[in-house]
Amino acid sequence: MPSFVLEPDRALPFPADQRRVAREVYDQVKDLPLICMHGHVEPEVFAEDRAFADPAQLLIVPDHYVFRMLASQGVEPARLGVPRRDGGPSETDSRTIWRTFCASWKLFRGTPSRYWLEHELVEVFGVDQVPSAETADAIYDAVAACVADPGFRPRALLDRFRIEVISTTDAATSPLEQHARLAADGLGDRVLPTFRPDALAYLDRPTWRADVAALAEVSGVDTGSYDGFLEALRARRAAFVEAGALATDHGHLRAGTEPMEPATARALYTRVLDGGAASGAEVEAFAANLLFRMAEMSCEDGLVMQIHPGVLRDHSSSVFAAYGADKGYDIPVATEMTAALRPLLDRFGTDPRFRVILFTVDETVYSRELAPIAGTYPSVRLGAPWWFLDSPEGMRRFFETAVETAGFYNLSGFVDDTRAFASIPARHDLYRRVTAGFLARLVLEHRLSLDEAVETAADLAYHLPKQSYARR
Amino acid sequence: MPSFVLEPDRALPFPADQRRVAREVYDQVKDLPLICMHGHVEPEVFAEDRAFADPAQLLIVPDHYVFRMLASQGVEPARLGVPRRDGGPSETDSRTIWRTFCASWKLFRGTPSRYWLEHELVEVFGVDQVPSAETADAIYDAVAACVADPGFRPRALLDRFRIEVISTTDAATSPLEQHARLAADGLGDRVLPTFRPDALAYLDRPTWRADVAALAEVSGVDTGSYDGFLEALRARRAAFVEAGALATDHGHLRAGTEPMEPATARALYTRVLDGGAASGAEVEAFAANLLFRMAEMSCEDGLVMQIHPGVLRDHSSSVFAAYGADKGYDIPVATEMTAALRPLLDRFGTDPRFRVILFTVDETVYSRELAPIAGTYPSVRLGAPWWFLDSPEGMRRFFETAVETAGFYNLSGFVDDTRAFASIPARHDLYRRVTAGFLARLVLEHRLSLDEAVETAADLAYHLPKQSYARR
Amino acid sequence: MPSFVLEPDRALPFPADQRRVAREVYDQVKDLPLICMHGHVEPEVFAEDRAFADPAQLLIVPDHYVFRMLASQGVEPARLGVPRRDGGPSETDSRTIWRTFCASWKLFRGTPSRYWLEHELVEVFGVDQVPSAETADAIYDAVAACVADPGFRPRALLDRFRIEVISTTDAATSPLEQHARLAADGLGDRVLPTFRPDALAYLDRPTWRADVAALAEVSGVDTGSYDGFLEALRARRAAFVEAGALATDHGHLRAGTEPMEPATARALYTRVLDGGAASGAEVEAFAANLLFRMAEMSCEDGLVMQIHPGVLRDHSSSVFAAYGADKGYDIPVATEMTAALRPLLDRFGTDPRFRVILFTVDETVYSRELAPIAGTYPSVRLGAPWWFLDSPEGMRRFFETAVETAGFYNLSGFVDDTRAFASIPARHDLYRRVTAGFLARLVLEHRLSLDEAVETAADLAYHLPKQSYARR
């Protein structure tokens, strides 16, 4: 049986001289604390601090990277326990789910999921067998035993993982109750909310009117008018700041930021709130306007803005009907940034009160648009390789295409983005290894000294994320 | 005089440790049979099994990779024997053509054509001199001697090349006579037709009405109405299945797949058939509709669908006027896939009866669109690097950008696409070498074990193409 | 204190065997003369041959690569001495500017500016200390001492830099007085003008009418009509040819080349000249038409055409208002070439009298559009990696993505593009190193012999630029 160990030099480059330098760099940064300013772990996880249910519920069911790969080979998500919202059956036996996953281990070859899962299984849960149909039960038992241990509860893992600070993602309408509880427990500086108003940005969402009503409710501001709507958003931002938030997050389809004339926005808002329809162009214009208004408010309250554009959500309507959102059927589209961001950057891009971090899953814009933008506008930081690009090859290409124009110091440093809490250390570790590999190349090509490489690696892993997300 | 040999380690990576691992992987797969499910060798070649005319007619005149490179330096295609359809003169002396080619050997530096031609000349024809003005005649004589040998006839080469199965490309209106002859000769399982209805897809082709008439003729179905047109296509597909076809092939400009309302399609079809004009938008809509209908029929008859979009054909109207189609003036365009394929995937992408293989010459869509699509839709396989990308660097980038998201097992494995029969082994060999190099890197970075790498290489070279093209 | 030396192997690849081969190739080309056919050094510099003012005025103030990087970290351009046109204050003390720059040396890590500046400081000015707040004054003094030396005057540097020929960029309306003076001094064959009619191409430029008037003035041709306008352009081109020009240069936003109907163009020209407005579409159509007409004239007078499309100029209106053009706020956009260039290439692309060199800052078009176009149209050469892409990684990607389809001999070879005169040798040196590294890889993968690699490197560095810019 093949051994299941984490090679100390995994994901470091070769040949031997590059590996040696990369190792020197990596060793200096591997133990730095983790700054986790963007993620989708639910605040309840930390507020309630309950034990995770079982291996499948911890590692498979909430991780769309995992179940999408099996789905792509014909294993329906329901067979992996992904709950259906259409009333159809879904596997409930976690051991069965786990066996299905282990039997498909081969499918993850060459993917970052494989790297993360290996790291989690070996490093976090002490597994020493390669997943397979034969080893599934033994591994299940080993992970289940860990999960039952109080040392593996979420708050304990915050320490074990050396997480200095972690942000959750919270709807603008969230009352932030869990964060209040965390603050009461002394975790208010360690688990922070992030303000995400996306549900309110798109006028054609079936839930838009309900969300506008909820916004009024939670803010105590009448949202019957566009001005009231903006005022209520401003009030919620203040509440988030009060609760420790450092940032807002915006997951639009396009990066458009053109402001609307207030009169036009008022009329459109009122029409839709009254039950009228908005055209596709109006929907997009309103969303773009919201980004502009959010930037305006960031200048006032100092929240760092994060823009994550370019993903067409719920590409398969049948999968969406069966399972709902975030089920692996979100597909990127080409993302124009230069013209789209111009209104926002032209107005706020040189304002010292403003900071925006730009992400993309369209890597063609790194060298063409994002690096030139980040390399000149003082308000802009270029976010870390995101989602599908949070991978060894994706990160390498990011450094190769972005750094020459943006430099290292206009990057945000590493930002992980995951729903899978246990994968966080693996993701940071991988980034530190790939960073070390890239920097080692610069050293060996005499483009950087070793001392500079070590300092830069530490900046990317720790100091830059901390600085980039400091409230202005 | 420099020696002309094939280095055993050509196209394998260095440094030495990577080359050693790559060599180990390559050695395990280099002798696997060839699966050639997409190509443009004419069925007559195998049906008639005549000797090739001479070196120029075998290696230069039919290969647009070769004559386009000389054209780009001012050598008109006619000087290389490419026939003119405008009545202008074209070189007919094959030895003269061959001399012009050999004198321009330098132009192929750094191109895959150079790799293929070296492989063909040395490995297939036993040439041992580097092509040049001085060596042209000697090489011509050596190749001519081979070509005259019965052991170099097409059917003999099928064996010599270890081709297990090869597909031709056949118009929907083809009566498949050559394939009938091949079946009679016991080659029906080895040389297969592929159903290509492109001539019928674009309403503005000058030949469209004639092709619709030919379709009626060959199918025996009245194509006077849109419904009859679809019925005739269905009948031809059945005839192709009967003749051993496994797949259809679609070379559209755009990847649009939006179905038309049947009433709209009927009216448009009738109007154009009656001599009316279609707008540009209507032409495109009808082509998109045809892709949707073909997918619908694939669910019925199990033919695997291949989509090859994104090439603007006959970019130079003067070259087209002089020489006709496929003369090196086909230039790729940016290809949007996420939105364009949505109607088709939304309807058939999770249907177990359906299989589609997607190709592109716009490599920006690998990481942005195609890998995310192939990495979640069970019906989709991502085709091999195609056309200009069927090259060492193109393949390497393909693996680096597609595998992390799609995994290896949502790839089609290698699919060659050539008119130049003698280049087929070279193309497969190059793919196996580049694959081995990529896998060796994963092994050395501890991202894959050597055993896994060997198994994956064999899957990519042989098993995946076979599985991907298995009729559903 | 860290030593500040130029490592002999800088920017050469490793491992050792690749470096050894790269070194062999590089050594054969490193001393070839420089062909500098595209740049923005002012002709006055050579005509007047005055000493440069001081280190800051030589190396920082005119170099937007340098001051944009500091601007991106919040150091306003005015603090670096960039003059304001809005009347605001700007630092005038060059030593202060120099200190600010040296204290920010860290920001240039990983950028080509770092490589160029190191080369300039060490090789040209003999500096031996790493720039920092502590070393700023000593370095300033060292560079200032050089600058005061007659051996560092512009004409002397032409020799020291081994510049065989250098082109300036001159408005179509330039009277070419400086070039006349250069010719009188025997430098007419060494410092050449380039014809740049961009100011006349865009009907919506505030200065358009004034430029049309200036065109009439300098050409002596009445520009009151569109036909007169074309005639005046033709006259200026003749004057440029007379003054030694080999090329024209066109920096359009889009690559569109569709000709307008003369009647339409006439009416539009007259309307705008008479003070009327042009729509956005008309402005773009007129600019596209101008490219077509310039190609037409190139067939007559043999000037090589250069097209540099795809940059949205002056992205920040506030920076433009404060500082004017070319201040680091020019951001690339996605650039469609296949359809846009079709009218021009269809008409002139196979004409032996015509030569066009195509540049891009959208590197996605290399493998998708530009290499296929350059690899078939005899009139086309693919320009060198431009602007943000004139960097180690940018050049490497260029070779990896363009050469397999275009070959080496459809490339222009190296073309530098700089306002910073003293950086020219560094840029050519870097290109020669990166070229050597790429070719060494081909040698080690047995895709090219060492002799071929050496010849190709010399062609790319020297012979191809000379041939590409030879008047037809």
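Computed over the stretch B:53-148, the percent of Cα pairs more than 18 Å apart is 40.
Shielding value for B:439-451 is 4, the average number of Cβ atoms from other chains within 10 Å of each residue's Cβ. Projecting label points 7 angstrom from Cα along Cα→Cβ for A:THR92 and B:GLU261 puts them 4.6 nm apart.
Under 5 Å from the amide H of C:LEU192 lie the amide H atoms of C:ILE166, C:SER167, C:THR168, each residue being 5 or more positions distant or on a separate chain, with H modelled from the backbone and absent for Pro and chain starts.
Comparing Cα centroids, the stretch A:1-73 and the stretch C:243-296 end up 56 angstrom apart. Between A:GLN306 and A:THR248, A:ASP249, A:HIS250, A:ILE357, the built amide H atoms are under 5 Å apart, and every one of these is 5 or more places off in sequence or on another chain.
Close amide H pairs (under 5 Å, H built 1.01 Å from N) link C:ILE163 with C:LEU34, residues at least 5 positions away or on another chain.
With the highest mean first, a sort of the peptides A:342-349, C:260-267, A:254-261 on other beta-carbon atoms found within 10 angstrom per residue produces A:342-349, A:254-261, C:260-267.
Residue by residue along B:396-407, Cβ atoms of other protein chains within 10 Å of the local Cβ number 6 on average. As a rough guide to protection, the peptides B:225-231, B:86-92, A:398-404 ranked by mean Cβ packing within 10 Å, highest first, stand as A:398-404, B:225-231, B:86-92. Comparing the protein assembly as shown with the 2.2 N^0.38 Å rule of thumb, its C-alpha radius of gyration ratio is 0.93 (two decimals). Measuring from a point 7 Å past the Cα of A:ARG181 along Cα-to-C-beta, which residues in the stretch A:114-156 have an amide N at less than 17 Å? Residues A:153-156 fall inside that zone. Per-residue 3J(HN,Hα) values for the stretch A:167-182, derived from phi via the Karplus relation 6.51 cos²θ - 1.76 cosθ + 1.60 with θ = phi - 60°, read 9, 9, 10, 10, 4, 4, 8, 5, x, 6, 4, 5, 5, 5, 5, 4 Hz in sequence order (x marks Gly and Pro). Look at where the Cα atoms of the stretch B:327-365 and of the stretch C:323-351 average out, and the two centres are 27 Å apart. Quick one: if the Förster radius is 35 Å, what FRET efficiency do B:ASP189 and A:ALA133 give, using the C-beta to C-beta distance and rounding to 0.05? That pair, B:ASP189 with A:ALA133, gives E of 0.55. Once the convex hull of all Cα atoms in the stretch B:282-392 is built, its volume per residue stands at 124 Å³. Backbone phi angles across the stretch B:41-48, fed through the Karplus curve with coefficients 6.51, -1.76 and 1.60 (θ = phi - 60°), yield HN-Hα couplings of 5, 6, x, 3, 3, 7, 5, 8 Hz in residue order; Gly and Pro are listed as x.
Estimated from the Cβ-Cβ distance and a Förster radius of 25 angstrom, the FRET efficiency linking A:GLU48 and A:ASP326 is about 0.70. Protection proxy ranking for B:125-138, C:275-288, C:444-457, using the average of other Cβ atoms within 10 Å per residue and placing the highest first: C:444-457, B:125-138, C:275-288. Here the Karplus curve 6.51 cos²θ - 1.76 cosθ + 1.60, taken at θ = phi - 60°, turns the phi angles of the stretch B:57-66 into couplings of 5, 7, 10, 10, 4, x, 10, 5, 4, 6 Hz, with x standing for Gly and Pro. Separation of the alpha carbons by more than 25 angstrom is noted, of A:LYS327/A:LYS466; A:LYS30/A:LYS106; A:LYS106/B:LYS30, for A:LYS327/A:LYS466; A:LYS30/A:LYS106.
Its Cα gyration tensor gives chain B an equivalent ellipsoid. The semi-axes, each the square root of 5 times an eigenvalue, are 36, 29, 21 Å from largest down. Mean per-residue shielding of peptide C:302-313 is 1, counting Cβ atoms of other chains within 10 Å of each Cβ. Spin-label model, A:LEU6/B:ALA281: points 7 Å from Cα along the beta carbon direction are separated by 5.7 nm. Ranked from largest, the principal axis spans of the Cα set of the stretch B:174-272 equal 46, 29, 23 Å.
Summing Lys and Arg as +1 and Asp and Glu as -1 over all other residues whose Cβ lies under 9 Å from the Cβ of B:ALA461 gives a net charge of +1. Using Cα centres only, tell me the gap between the stretch A:133-184 and the stretch C:397-462 in whole Å. With the stretch A:133-184 and the stretch C:397-462 each reduced to a Cα centre, they are spaced 52 Å. In this calculation the C-beta distance from C:ARG162 to C:VAL122 is compared with R0 = 22 Å, giving a FRET efficiency of 0.80. Taking every DSSP helix (H) stretch of at least 4 residues in the protein assembly as shown, weighting each as -39,500 (n - 2.57) and dividing the sum by the residue count yields a mean residue ellipticity at 222 nm of -13500 deg cm²/dmol.
Only the coordinates and a few stated rules stand behind these numbers; no lab work does. Not measured: the values here are computed from a predicted model. Counting neighbours? That spans all protein chains shown, and the Cβs are built from the backbone with ideal geometry, glycine included.
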